[in-house]
Amino acid sequence: MKKILLVATTLLLILTGCTSKQDPNKYIIVTDTAFAPFEFTNDKNEFVGIDVDLIKAIADKEGFEIDLQSVGFSAALTALETGQADGLIAGMSISDERKEKYDFSEPYFEVYVTMGVKKDSDITDLEGLRGKSVAVKDGTTSAAYAESVKDEYGFTTTYFESSPVMYQDVVLGNSAAAFEDEPILDYNIKHSGVALKKVESVKTSPTPYGFAVLKGKNDELLSKFNAGLKALKEDGTFDDIKDTYTK
C-alpha cells in the first residue's frame, strides 16, 4: 500500500500543470532519482549524470525544450504509460519484453549485469547464494536476471525502489548480495564509498540502454533524439559526456 501511495503522490506532482501539452516543442522527460553515473545529485546539490547531460545536449542540438523530472524509475514508467510524460531516460535496458510496450532510440550505452557483496563476504559465485536473500531494484533488467536464475541457485529476492537503499540492505547484512548494472555498481564503489565489492565471476551478456517513448507515440521526439545522438557522437560531445562520469 505504501508503494502505491508513493507512486500516486509522485504522479500527482507530475500531473500538476502538465495534463495538456501547451508547447509542441517542449517535452516532459522523466528519469530516475539516484542511478549514478547516469542520474544523481552531486555534492553541489546539482542533478547531473550521463543521461541528464545527454538529454540536455540533444535538446539543445535539436532545438527543443525539456522539462526534466526526477521521479524514480517505477514512477517514471507509470508516467510514460499513462501519457503524463513524453519520454524516459534512466539507464533503461532495451529488451524484447519492453519493446512490446515502448519504442526505443538507437542504443547509447552497453552494460552487463553483475553482483555486489559486502567487502568481507566469502561469496565468489552464484552458488554462494543458496538459501540466502538477494537485493534487487524494482523494474530493472538486473532484477529480471536475478529472477531468471534464482530457482537454479536457490535464493530469494527482495525488491527496493532505489540503488542506494538496495546497497545499504547488503551492507547491513539483510541481503547477501545485490544484482546491479556493472557501471552503476563500479561508480558507487569508486566514487560514493559504497562498502561493497564486485563478484568478478558474475557477468551477463551485454545489454544496451536506450531512450524510450510509449509504443506508437511521440515518433517525432524519438527521431529528434536519434538525430541529436548521432550528431553528438560525430562531434565528440557524447564521448566527452561519457568520460566525465566514467573515468
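Where residues in the range 158-205 are under 16 Å from F109 (Cβ atoms) and in a loop (DSSP other than H, G, I, E, B), which of them is least open to solvent (accessible area, probe 1.4 Å)? Here the answer is T204.
Listed by first and then second residue, the pairs with beta-carbon distance under 8 Å, at least 6 apart or on different chains, first residue in the range 23-34 and closer than 11 Å to D86 by Cα and of a type outside the set (F, W, Y), second part of a strand (DSSP E or B) and modelled with pLDDT under 95, form an empty list. Annotation note: of S175, S205, S201, the sole residue that is small (G, A, S) and in contact with a strand residue (DSSP E or B) (Cβ under 7 Å, 6 or more places away or on another chain) is S175. Taken over the range 131-148, the residue count meeting the criterion of being part of a loop (DSSP other than H, G, I, E, B) and either farther than 16 Å from V199 by Cβ or open to solvent by less than 50 Å² (accessible area, probe 1.4 Å) (or both) is 4. Here the helices (runs of 4 or more DSSP H) wholly within the range 22-124 that include at least 3 residues being closer than 15 Å to V213 by Cα are 73-81, 96-99.
Rundown of residues vs (1) open to solvent by less than 20 Å² (accessible area, probe 1.4 Å); (2) more than 22 Å from G216 (Cβ to Cβ); (3) at pLDDT 95 or above, yes/no style:
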{"position": "Y27", "(1), (2), (3)": "yes, no, yes"}
{"position": "V30", "(1), (2), (3)": "yes, no, yes"}
{"position": "A34", "(1), (2), (3)": "no, yes, no"}
{"position": "K101", "(1), (2), (3)": "no, no, yes"}
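Here D240 clears all of (1) among the charged types (D, E, K, R); (2) more than 18 Å from K137 (Cα to Cα); (3) touching a residue at least 12 places away in the same chain (Cβ under 8 Å); (4) in a helix (DSSP H, G or I) except the condition numbered (3).
The residue of the range 206-217 that is least open to solvent (accessible area, probe 1.4 Å), among those that are at pLDDT 95 or above and over 18 Å from the mean Cα position of the chain (by Cα), is G216. All of K119, K99 fail the test of being closer than 30 Å to K224 by Cβ and of a type in the set (D, E, K, R), apart from K99. For the criterion of being out of contact with any helix residue (DSSP H, G or I) (no Cβ under 9 Å at 6 or more places or on another chain), in a helix (DSSP H, G or I) and over 23 Å from D186 (Cβ atoms), D151 passes. Taking each residue of the range 54-78 that is in contact (Cβ under 8 Å) with a residue 24 or more places away in the chain and closer than 12 Å to N25 by Cβ and looking for partners that are open to solvent by 10 Å² or more (accessible area, probe 1.4 Å) and of a type in the set (S, T, N, Q) with beta-carbon atoms closer than 8 Å, six or more apart or interchain, yields G63/N25; F64/N25; E65/N25.
The values are calculated or read from the model by the stated rules, or taken from the named source; none is laboratory data. What you are looking at is a predicted structure, and each value in this text was computed from that prediction instead of being measured. All Cβ positions, glycine included, derive from the backbone under ideal geometry; neighbour counts span all protein chains shown. Side chains included, ligands, DNA and RNA excluded: accessible areas come from the protein's heavy atoms. Shrake-Rupley method; radii C 1.70, N 1.55, O 1.52, S 1.80 Å.
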